[in-house]
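Participant: Got a structure here, written out as structure tokens. Questions coming.
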Amino acid sequence: MAAGAKQALFNAAMVLLDPGDEVIIPAPYWTTFPAQVQIAGGVPVHVDTRANGFVPRIEDIIAAITPRTRAIVIGTPNNPTGTVYDRTLLRALGELAIERDLWIIFDECYRDFIHTDVGHHSIVSVIPEARSRTVIVNAFSKALALTGWRIGYLAGPDHLVRSVTALQSHTTSNPNVIAQHAVLHHLQNTDGTFEARLQNQLTAARNMGLGVLSGLSRIPVPTAMGGFYFYLDIKNRVAPEPWNCQLRRESHGRKQFHG
């Protein structure tokens with residue numbers, strides 16, 4: 001257990017990476033991914049997915065691999081695009097990791113919020129052979145609306161978990177005890193009612209948002225396959241009318257706009 005998925009990811013980066021190690025991160029990405037890699041002394045390598053509907057292409061991942069590549073980050077549903085990776089892609093990524101001796105950092109924090117028939121699949125269930133090189137990170141923050149409670153976890157091979165435990169013992173020691181007991185009680189007693197109600201609320205909000213966005217002429221409606229956010233393509237948005245103004249420096253040095 002960790003103080004949120006963010007600490008679990010940080011622990012993984014600190015344990016897995018040596019200075020100069022490269023980590024492949026499909027873009028767009030959650031800003032914490034490259035930041036934590038850099039804190040650990042590693043080098044984030046971004047692979048743009050925009051040309052393929054935010055789905056990474058295996059050939060692009062292969063092109064980004066160098067002798068210094070240590071790991072690849074896989075987030076599904078993706079934050080911020082909401083893209084959900086299907087079984088075919090996950091198997092291909094797992095096979096590539098095995099072939100090139102890479103670690104897989106698998107972030108599935110939004111696994112409970114799927115809005116597509118593709119469904120969520122853990123990479124170790126799709127390709128069990130990759131289990132020995134996979135770090136799974138998840139949190140209760142999203143599924144149980146417990147963001148401020150900071151409770152998440154990391155799962156992986158025994159030797160990795162032992163190293164993470166040793167590292168965490170000298171940082172936060174453990175997530176707060178109240179959150180641990182609350183989550184344990186939920187896991188032991190839940191009948192799924194709360195999760196279903198939360199999912200229904202988010203589905204209604206998603207449908208409302210898509211309805212509003214469908215009325216915009218120059219902004220495509222996002223697929224929003226997973227998660228609880230919209231990632232908008234605004235490159236063709238209508239530019240606002242330029243203001244009839246000039247920038248003037250006042251005698252006291254302050255800049256002001258005047259119409």
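Participant: Could you say whether any residue in the range 102-110 is touching a residue at least 60 places away in the same chain (Cβ under 8 Å) and among the charged types (D, E, K, R)?
Facilitator: yes
Participant: Now for a different question. Given the conditions (1) within 16 Å of the chain's Cα centre (by Cα); (2) over 26 Å from Gly152 (Cα atoms); (3) of a type in the set (S, T, N, Q), report the number of the one that Thr76 does not fulfil.
Facilitator: For Thr76, the failing item is (2).
Participant: A follow-up question, please. Report whether or not Thr203 is under 28 Å from Val55 (Cβ atoms) and open to solvent by less than 60 Å² (accessible area, probe 1.4 Å).
Facilitator: Here the answer is yes, as Thr203 does meet what is asked.
Participant: Also: Determine if the range 69-89 includes at least one residue that is farther than 28 Å from Pro128 by Cβ, in contact with a strand residue (DSSP E or B) (Cβ under 8 Å, 6 or more places away or on another chain) and surrounded by fewer than 19 Cβ atoms within 10 Å (Cβ to Cβ). Can you show your working first?
Facilitator: Narrowing the range 69-89 to residues farther than 28 Å from Pro128 by Cβ: 80.
Retained after the next criterion (residues that are in contact with a strand residue (DSSP E or B) (Cβ under 8 Å, 6 or more places away or on another chain)): none.
The answer is no, given that none of the residues of the range 69-89 is farther than 28 Å from Pro128 by Cβ, in contact with a strand residue (DSSP E or B) (Cβ under 8 Å, 6 or more places away or on another chain) and surrounded by fewer than 19 Cβ atoms within 10 Å (Cβ to Cβ).
Participant: Please find, within the range 122-145, the residue that is surrounded by the most Cβ atoms within 10 Å (Cβ to Cβ) out of those that are in contact (Cβ under 8 Å) with a residue 12 or more places away in the chain and among the hydroxyl-bearing types (Ser, Thr, Tyr). Don't jump to the end; show me each part of the working.
Facilitator: Pass one, the range 122-145, residues in contact (Cβ under 8 Å) with a residue 12 or more places away in the chain: 122-124, 126-127, 129-145.
From what's left, among the hydroxyl-bearing types (Ser, Thr, Tyr): 122, 132, 134, 141.
Details: Ser122: 16, Ser132: 14, Thr134: 22, Ser141: 19.
Going through the qualifying residues, I end up with Thr134.
Participant: Which of the residues belonging to the range 28-54 are open to solvent by 20 Å² or more (accessible area, probe 1.4 Å), touching a strand residue (DSSP E or B) at 6+ places or on another chain (Cβ under 6 Å) and under 24 Å from Leu89 (Cβ atoms)?
Facilitator: Across the range 28-54, the qualifying residues are Phe33, Pro44, Val45, His46, Asp48.
Participant: Right, another one. Residues in the range 190-198: is at least one in contact (Cβ under 8 Å) with a residue 12 or more places away in the chain and either among the basic types (Lys, Arg) or surrounded by fewer than 14 Cβ atoms within 10 Å (Cβ to Cβ) (or both)?
Facilitator: yes
Participant: Condition first: surrounded by 15 or more Cβ atoms within 10 Å (Cβ to Cβ), basic (Lys, Arg) and out of contact with any helix residue (DSSP H, G or I) (no Cβ under 8 Å at 6 or more places or on another chain). Can you find one or more residues in the range 146-166 that meet it?
Facilitator: no
The values are calculated or read from the model by the stated rules, or taken from the named source; none is laboratory data. Note that the coordinates shown come from a computational prediction; the quantities given were computed from them, not determined experimentally. Because the Cβ atoms are built from the backbone with ideal geometry, glycine has one as well, and the counts that use them run over all protein chains shown. Note: areas computed on protein heavy atoms with side chains; ligands, DNA, RNA excluded. Shrake-Rupley method; radii C 1.70, N 1.55, O 1.52, S 1.80 Å.
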